[in-house]
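Asks: Got a structure for you, written out below as structure tokens; questions coming shortly.
The values are calculated or read from the model by the stated rules, or taken from the named source; none is laboratory data. Just so you know, these numbers come straight off a predicted model, no measurement behind them. Counting neighbours? That spans all protein chains shown, and the Cβs are built from the backbone with ideal geometry, glycine included.
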Amino acid sequence: MTRVQMIGVSKRYPGRGKSASPVVAVDDVTIDVASGEIHAIIGYSGAGKSTLLRLVNGLEHASDGRILVGDDEITALPESQLRRVRGRIGMIFQQFNLFHAKKVAKNVEYPLVVAGMPAAERRRRVAELLEFVGLSEKSGAYTDQLSGGQKQRVGIARALATNPGVLLADEATSALDPQTSREVLALLKRVNAEFGITIILITHEMEVVREIADRVTVMDSGRAVEQGDVFDVFSNPQSQTTKRFVATALPTEPRADRLDDLRERHRGRLVSLTFRDGDVDQPVVFRTLAERGVGVSIVHGGITDVGGRSFGKLTLELIGDDLKVEHAIAALAQETALEVLA
Ligand SMILES: Nc1ncnc2c1ncn2[C@@H]1O[C@H](COP(=O)(O)OP(=O)(O)OP(=O)(O)O)[C@@H](O)[C@H]1O
């Protein structure tokens, strides 16, 4: 069980050319990842995610701030001791980073050889790991005979070999098709649930966060712009970056061009309603409309699952007498976040 704390962490790289100012890749980031948590760091390309991950495993040194992995302060340890700590931090990669010239079992065994584990014990551990990831029968295969999903399973088995307390995942499913990606994420969930391993994953995909994470940090230009429980952050996004991510995977209000199109086809009043798990009772909404003699059709949006709770936006066309529609809108506004789409 390992907590990971990043406290006011910054990383600056020297700028190119004589008078160039430094590149601030990570800018005063504070993230407290609880022991046993799955924490996603989401951001667009260049946001500073990979740099932050390299600081956590001590591959690079922070310019400012402190990083603690369990009781070890990464930012204060000399290289000789970092090696010991890295043994407790597993890592998986987008491109899997396997040894192609070695068989599956040898790939998984590698960190155990480095750690000096005796051969008989190594064989037992490798068999156990391959069974856990469902690849026992591929033990003697070369890794280039495997599919992408199988390669990432080997990567996970190798990362778990030395019983790490933390697993860092760098775009671990970005090279995989959606179905395989879901299977690998399900495996990571098992890793977390069965061994209590803390997982920090970086991604540019909302689906990954939605599928697996407990908490999320949204990064933009090196800064952590939003942070919290996945449902809270994505059901009520504050920053432009978070809003853009939400729009890629969750139901939203129609975009302006789509709205024009909807208007052409629907002559009633268009309203957008937000449904947050526990906040609004859908039957109450539809009963309110029926009681006031207002007809309704759903013209856009949907309800989906975010961090295990339901969230959605529905755009409704309200049909009926103007006054009745006005009264219904006033009544609905008491029940839920409602926006009249002018
Ligand atoms: N070694 C380096 N030297 C100089 N600048 C760097 C170095 N590594 C990263 N950067 C810069 O730091 C910023 C953050 O890069 P980083 O790779 O951490 O972002 P990212 O969010 O992981 O994006 P991507 O998913 O594209 O890798 C970028 O502007 C990048 O050009």
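Asks: Just to be sure, is VAL271 touching a Phe, Trp or Tyr at 6+ places or on another chain (Cβ under 8 Å) and part of a strand (DSSP E or B)?
Replies: When the stated conditions are applied, VAL271 does not pass them.
Asks: Looking at SER63 and the list (1) without any contact (Cβ under 8 Å) to a residue 24 or more places away in the chain; (2) surrounded by 14 or more Cβ atoms within 10 Å (Cβ to Cβ), which single condition is not satisfied?
Replies: (1)
Asks: Are any of the residues in region 20-30 more than 9 Å from the ligand (Cβ to nearest atom) and over 19 Å from SER221 (Cα atoms)?
Replies: Within region 20-30 (the criterion being more than 9 Å from the ligand (Cβ to nearest atom) and over 19 Å from SER221 (Cα atoms)), the answer is no, since none of the residues qualifies.
Asks: Tally time: how many residues in region 8-30 are under 18 Å from the mean Cα position of the chain (by Cα) and surrounded by fewer than 21 Cβ atoms within 10 Å (Cβ to Cβ)?
Replies: The number of residues fulfilling the criteria is 1.
Asks: Then there is this: Could we say that ALA40 is within 16 Å of the ligand (Cβ to nearest atom), touching a Gly at 6+ places or on another chain (Cβ under 8 Å) and closer than 30 Å to GLY228 by Cβ here?
Replies: When the stated conditions are applied, ALA40 does not pass them.
Asks: Looking only at region 156-174, filter to residues that are closer than 20 Å to VAL108 by Cβ and within 15 Å of the chain's Cα centre (by Cα); which one of those is surrounded by the most Cβ atoms within 10 Å (Cβ to Cβ)?
Replies: ALA169
Asks: What is the one condition in (1) within 16 Å of the ligand (Cβ to nearest atom); (2) modelled with pLDDT under 95 that ARG276 does not satisfy?
Replies: (1)
Asks: Is region 226-240 home to any residue that is among the small types (Gly, Ala, Ser), in a loop (DSSP other than H, G, I, E, B), over 13 Å from the mean Cα position of the chain (by Cα) and not assigned by TED's automatic domain parsing to the domain that holds PRO283?
Replies: Taking every residue of region 226-240 in turn, at least one turns out to be among the small types (Gly, Ala, Ser), in a loop (DSSP other than H, G, I, E, B), over 13 Å from the mean Cα position of the chain (by Cα) and not assigned by TED's automatic domain parsing to the domain that holds PRO283.
Asks: Taking the conditions exactly as written (more than 27 Å from THR248 (Cβ to Cβ), in contact with a strand residue (DSSP E or B) (Cβ under 9 Å, 6 or more places away or on another chain) and surrounded by fewer than 20 Cβ atoms within 10 Å (Cβ to Cβ)), does LEU68 satisfy them or not?
Replies: The answer is yes for LEU68.
Asks: Here's something else I'd like to know. Please pick out the residue among GLN5, GLN94 that is more than 12 Å from the ligand (Cβ to nearest atom), among the polar types (S, T, N, Q) and surrounded by fewer than 20 Cβ atoms within 10 Å (Cβ to Cβ).
Replies: GLN5
Asks: Follow-up question, since we're still on this one. Out of VAL33, VAL85, which single residue is more than 12 Å from the ligand (Cβ to nearest atom), aliphatic (A, V, I, L, M) and touching a residue at least 40 places away in the same chain (Cβ under 8 Å)?
Replies: Sole residue among the options that is more than 12 Å from the ligand (Cβ to nearest atom), aliphatic (A, V, I, L, M) and touching a residue at least 40 places away in the same chain (Cβ under 8 Å): VAL33.
Asks: How do the helices (runs of 4 or more DSSP H) wholly within region 129-221 filter down when requiring 3 or more residues that are within 16 Å of the ligand (Cβ to nearest atom): which remain?
Replies: The qualifying helices (runs of 4 or more DSSP H) are 206-212.
Asks: Got at least one residue in region 47-58 being more than 12 Å from the ligand (Cβ to nearest atom), more than 16 Å from the chain's Cα centre (by Cα) and not hydrophobic (A, V, I, L, M, F, W, C)?
Replies: Scanning region 47-58, I find at least one residue that is more than 12 Å from the ligand (Cβ to nearest atom), more than 16 Å from the chain's Cα centre (by Cα) and not hydrophobic (A, V, I, L, M, F, W, C), so the answer is yes.
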